[in-house]
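Asker: Structure provided below as structure tokens; questions to follow.
No lab work stands behind these numbers, since they all come straight from the coordinates. Keep in mind it's a predicted model, so treat the numbers as computed, not measured. We place every Cβ from the backbone using ideal geometry, glycine too, and count neighbours over all the protein chains shown.
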Amino acid sequence: MPNARVLRVWEDVEGAVELAVSTLERGGLIVYPTETCYGLAADITNVDAVIKVYKAKRRPMDRSLTAIVSDLGMWMDYAYLDAKALKLIRRFNPGPLTIATWKKPTVPDIVNPRAFAARISSHKVATMIVEKLGRPITATSANIHGEANPYSVDDVSRQMGDSVDLILDCGILPLRPVSTIVDLTYNPPRIERVYPHGSFRLEEILEVLSDC
């Protein structure tokens, strides 16, 4: 096991969220449960913390990061949302559909130099963390870049080692696909990680976009 503190969330959800937020506020990294797999979080507005995410994952710096927001209001503080984006959000969020739109200056370039790719999580703990922090968190999976997605604390520990400060243990998560990504900064939109590699079928996304 890593030196990171491990909290069993089911023993004290509020306490776990409180500690997670205080860790993020001081620039630390946490591992937290999402509706797909375990995620690795930093406060996206803290550039030094985001750099730690890249280092912990051994992720190339030119591979942009996605984020989790608490609600539509927070989303609009960081991105420009057009009719297509709003329709996708209302249809698929909360849930595992990540939507990229043109970013606002509130998003550091290290997160993404041109866009803001985000979703509202349907996992209670993830949403509680973002709501209490008051800012988006990174939504990248808690694994070494290119390795298997983590669905248990053991999976995380084998890959992340001593790179994180806090792990929120929610047990073994269901083996669900990672989030599908729709990038609306391209015309036509780029759609990545569709089912079975992602959570949604291409036809589901195209049906919503065709009505815009």
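Asker: What are the chymotrypsin sites (Phe, Trp or Tyr not before Pro) within region 115-212 that DSSP puts in a loop, where the Cβ has at most 12 other Cβ atoms within 10 Å?
Answerer: Those satisfying the criteria are TYR186.
Asker: Now, a different point. Once you charge only the Cβ atoms, +1 for Lys and Arg and -1 for Asp and Glu, what is the size of the charge dipole of region 24-65 about its Cα centre, to the nearest 20 debye?
Answerer: In total the dipole reaches around 280 debye.
Asker: Calculate for the chain the 222 nm mean residue ellipticity that helices alone would give, adding -39,500 (n - 2.57) per DSSP H run of length 4 or more and normalising by residue count, nearest 500 deg cm²/dmol.
Answerer: Computed ellipticity for the chain at 222 nm equals -9500 deg cm²/dmol.
Asker: Sticking with this one: Ranked by Cβ crowding within 10 angstrom, fewest neighbours first, how are HIS197, HIS123, HIS145 ordered?
Answerer: So the residues, fewest neighbours to most, are HIS197, HIS145, HIS123.
Asker: Something else now. I want the antiparallel fraction of DSSP beta bridges within the chain, as a percent rounded to 5.
Answerer: Of those bridges, close to 55 percent are antiparallel.
Asker: Which of the lysines could be linked to LYS103 by a straight reach, that is with a Cα gap under 16 Å, when you skip same-chain ones fewer than 8 residues away?
Answerer: Partners within reach: LYS84.
Asker: Another question, then. Would you kindly state how much longer the chain becomes between LEU209 and ALA83 on full extension, computed as 0.36 nm times their sequence separation minus their alpha carbon distance, in nm to one decimal?
Answerer: 44.4 nm
Asker: Post the alpha-carbon centroid distance, region 123-159 to region 25-39, in whole angstrom.
Answerer: First find each Cα centre; the distance between them is then 3 Å.
Asker: Sticking with this one: Return a whole-number percent for the relative contact order of the chain, with Cα pairs under 8 Å and 6 or more residues apart as the contact set.
Answerer: Numbers: 453 pairs, mean separation 66.1, N = 212.
Once divided by the residue count of the chain, the mean separation gives 31 percent.
Asker: Now for a different question. So for VAL125, VAL21, fewest C-beta neighbours within 10 Å to most, what's the order?
Answerer: VAL125, VAL21
Asker: Compute, for region 88-202, the length of the dipole vector about the Cα centre, with Cβ point charges of +1 (Lys, Arg) and -1 (Asp, Glu) only. Units Debye, rounded to 20.
Answerer: Here region 88-202 has a charge dipole of around 720 debye.
Asker: Quick check: residue separation of ASP154 and ILE110 times 0.36 nm, minus the Cα distance between them. What number comes out in nm?
Answerer: 12.9 nm
Asker: With springs connecting C-alpha atoms under 10 Å apart, model the chain as a Gaussian network and identify which of PRO105, PRO188, PRO96 has the largest mean-square fluctuation.
Answerer: PRO188
Asker: While we're looking at this one, here's another question. Which listed residue (GLY28, PRO196, ASN149) has the Cα farthest towards the positive end of the charge dipole for the chain, taking +1 on Lys and Arg C-beta and -1 on Asp and Glu C-beta about the Cα centre?
Answerer: Farthest along the dipole direction, towards plus: PRO196.
Asker: Need one number for the chain: average projected area of the convex hull over its C-alpha atoms, nm². It would help to have the intermediate numbers written out before the result.
Answerer: On the way: hull surface 41.7 nm².
For the chain, the mean projected area of the Cα convex hull comes to 10.4 nm².
Asker: Let me ask another. Among ARG119, ARG190, what is the fewest-to-most ranking by other Cβ atoms within 10 Å? Present the calculation step by step, with values, prior to reporting the outcome.
Answerer: Values: ARG119 28, ARG190 12.
Ranked by crowding around the Cβ, least crowded first: ARG190, ARG119.
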